[in-house]
Each structure stands twice: as structure tokens, then as C-alpha cells.
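This report concerns only the one structure given below.
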Amino acid sequence: MAVLVAQANPHLRIASPQTAISLNWLDGFRHTPPDSAARDGGSGVAPGAGGGSDDWLPAASPGLLSHVMRQITLLVRDPALHPIAHANLAALDPSRWLSQRPSDIARTCGCTVGAAEHVLSLLQQAEPAGLFARSLAEFLRL
């Protein structure tokens, strides 16, 4: 059944269980897939866009990742704190909630828990509202 649906819809692709799947959900929000140059021969034209391979689907253009990256430079003014902000960004789960405690992020970055919590409080001002929440109550407060 799924194969018939996939054959009828050129935008749908069914992956077999043996296909390697990226475990980093943020990859779907990148503007250009990292290995696109290898697939398009360095021409800059996406396969499938001009008669190339049909198995390539473009990532969402700029998307959440680049949007939050731009906000990090505005919200976290001290460049020394940017690695902590990027660690928080990497700790987002697909629901856009923080999947690690500030103490874990502090240990990863080699900073104090207070610094990690300070950066988190700055990041929680980012749009969309509720981003970087750790619980439902915090999400609703943000």
C-alpha cells in the first residue's frame, strides 16, 4: 500500500529499514545539505531541480536553525558566551524544548552552572515563544 502511494506522489519517498537515517533532527533545518556539492558535482544546482536525481529533497529554506543562530548574536551579546548558547541550541529536541539540564550543558562547555542558566534565560527570549523551555509550565510562562 505504502509503495503505491509513494509511486503516485513524486514528493513522497519511502525509506527501507536498512537506509541510514540522520539522528540529528537539526539537519532538516539547514539551508543546504552538507553533501550536496558531492551530489551535484559542485555545480551548485540541486539534483532533481534540473533533471538530476529524483531522490534528493531540499531542506527547509533557512528555517529554525538559521533563525535562532541570528537571534543568538542579538540576545547573547558577549561572544565568550556563544559556545554555551550553541550547546543549548544543540540540546533542543524535535519539540524545540531543551533536552539537557543547565548542569549538563555547563559540564559540556566547561563553565559554571550559573553561566549556563544565565545564557538559557537570554535564549528563552528568542522567537518563537516557548523555545528552550524545559517543562510545560515554563513553556506556557514563556
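Filtered by the rule that a residue be modelled with pLDDT under 85, part of a loop (DSSP other than H, G, I, E, B) and within 21 Å of Gly130 (Cα to Cα), the stretch 61-89 gives a lone residue, Pro62.
Considering only residues in the stretch 127-142 that are free of Cβ contacts under 8 Å to residues at least 40 places away in the same chain and in a helix (DSSP H, G or I), the one that is least open to solvent (accessible area, probe 1.4 Å) turns out to be Glu138. Could you tell me whether any residue of the stretch 113-126 is farther than 22 Å from Gly63 by Cβ, open to solvent by 70 Å² or more (accessible area, probe 1.4 Å) and not acidic (Asp, Glu)? Within the stretch 113-126 (the criterion being farther than 22 Å from Gly63 by Cβ, open to solvent by 70 Å² or more (accessible area, probe 1.4 Å) and not acidic (Asp, Glu)), the answer is yes, since at least one residue qualifies.
The values are calculated or read from the model by the stated rules, or taken from the named source; none is laboratory data. Given the structure is predicted, the values throughout are model-derived calculations rather than measurements. Note that we place each Cβ from the backbone using ideal geometry, even for glycine, and neighbour counts take in every protein chain shown. All accessible areas refer to the heavy atoms of the entire protein, side chains included, with ligands and DNA or RNA removed. Shrake-Rupley method; radii C 1.70, N 1.55, O 1.52, S 1.80 Å.
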